[in-house]
Amino acid sequence: MIKRIWHGWTTPENADEYEALLKGEIFPGIAAKGIPGYRDIQLLRRPHDVEIEFITIMTFDSWDAVRDFIGDDPTVSYVPDKARAVLSRWDDRSQHYDVKEHLSY
């Protein structure tokens, strides 16, 4: 299993709009692609002094599934134009981690 982690930042004024865009359009659009091996996406939000940080964590079964989502270079960030319009800055590259253990209690 692979976790794909990405960070984006926005102004406090744009944070709710960005979150709504993710939940209402971008996340459902990713799910609608029907990528075999795509499992889920999580959204984290944290306020800082002058900006709001967002983190997305996507789960894939394999590197092939990641490539099916993003293309030949799996580190390329997925930032649709509507997201770019409300973000202040974002990671150009996503980080990936192999999941070595997943426990539920």
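So which residues in the range 65-79 are out of contact with any Lys or Arg (no Cβ under 8 Å at 6 or more places or on another chain) and surrounded by 13 or more Cβ atoms within 10 Å (Cβ to Cβ)? Answer for the range 65-79, where residues must be out of contact with any Lys or Arg (no Cβ under 8 Å at 6 or more places or on another chain) and surrounded by 13 or more Cβ atoms within 10 Å (Cβ to Cβ): ALA65, ARG67, ASP68, ILE70, TYR78, VAL79. A search for C-beta distances below 8 Å between a residue of the range 45-66 that is under 15 Å from ALA31 (Cβ atoms) and any residue that is among the acidic types (Asp, Glu), counting only pairs 6+ apart in sequence or on different chains, returns MET58/ASP40; THR59/ASP40. Applying a threshold of 6 Å to beta carbon distances and a minimum spacing of six or more residues, or different chains, the list of pairs starting in the range 1-21 at a residue that is within 30 Å of GLY37 (Cα to Cα) and ending at one that is among the acidic types (Asp, Glu) reads TRP6/ASP91; HIS7/ASP91; TRP9/GLU51; TRP9/GLU53. If you filter the range 57-105 down to residues that are of a type in the set (A, V, I, L, M) and more than 14 Å from the chain's Cα centre (by Cα), you find that the one that is farthest from ALA32 (Cα to Cα) is LEU103.
Applying the set (1) within 15 Å of TRP9 (Cα to Cα); (2) surrounded by 11 or more Cβ atoms within 10 Å (Cβ to Cβ) to VAL50 leaves exactly one unmet item: (2). Checking the structure you have, find out if any residue of the range 24-37 is at negative phi, in contact with a Leu (Cβ under 9 Å, 6 or more places away or on another chain) and without any contact (Cβ under 8 Å) to a residue 24 or more places away in the chain. Within the range 24-37 (the criterion being at negative phi, in contact with a Leu (Cβ under 9 Å, 6 or more places away or on another chain) and without any contact (Cβ under 8 Å) to a residue 24 or more places away in the chain), the answer is yes, since at least one residue qualifies.
The lone criterion from (1) within 21 Å of ASP92 (Cβ to Cβ); (2) in a helix (DSSP H, G or I); (3) acidic (Asp, Glu) left unmet by ASP64 is number (1).
Within the range 3-41, the set of residues being surrounded by fewer than 12 Cβ atoms within 10 Å (Cβ to Cβ) and either part of a strand (DSSP E or B) or in contact with a Ser or Thr (Cβ under 7 Å, 6 or more places away or on another chain) (or both) comprises ASP40 only. Of note, GLU53 satisfies the criterion of being farther than 12 Å from VAL86 by Cα, acidic (Asp, Glu) and either at pLDDT 95 or above or touching a helix residue (DSSP H, G or I) at 6+ places or on another chain (Cβ under 9 Å) (or both). Mind counting the residues in the range 85-104 that are surrounded by fewer than 11 Cβ atoms within 10 Å (Cβ to Cβ), outside any strand (DSSP E or B) and in contact with a strand residue (DSSP E or B) (Cβ under 9 Å, 6 or more places away or on another chain)? Selection size over the range 85-104: 2.
The values are calculated or read from the model by the stated rules, or taken from the named source; none is laboratory data. Nothing here was measured: the structure is a model prediction, and the numbers come from that model. Don't worry about glycine lacking a Cβ; one is built from the backbone with ideal geometry, like all the others, and counts go over all protein chains shown.
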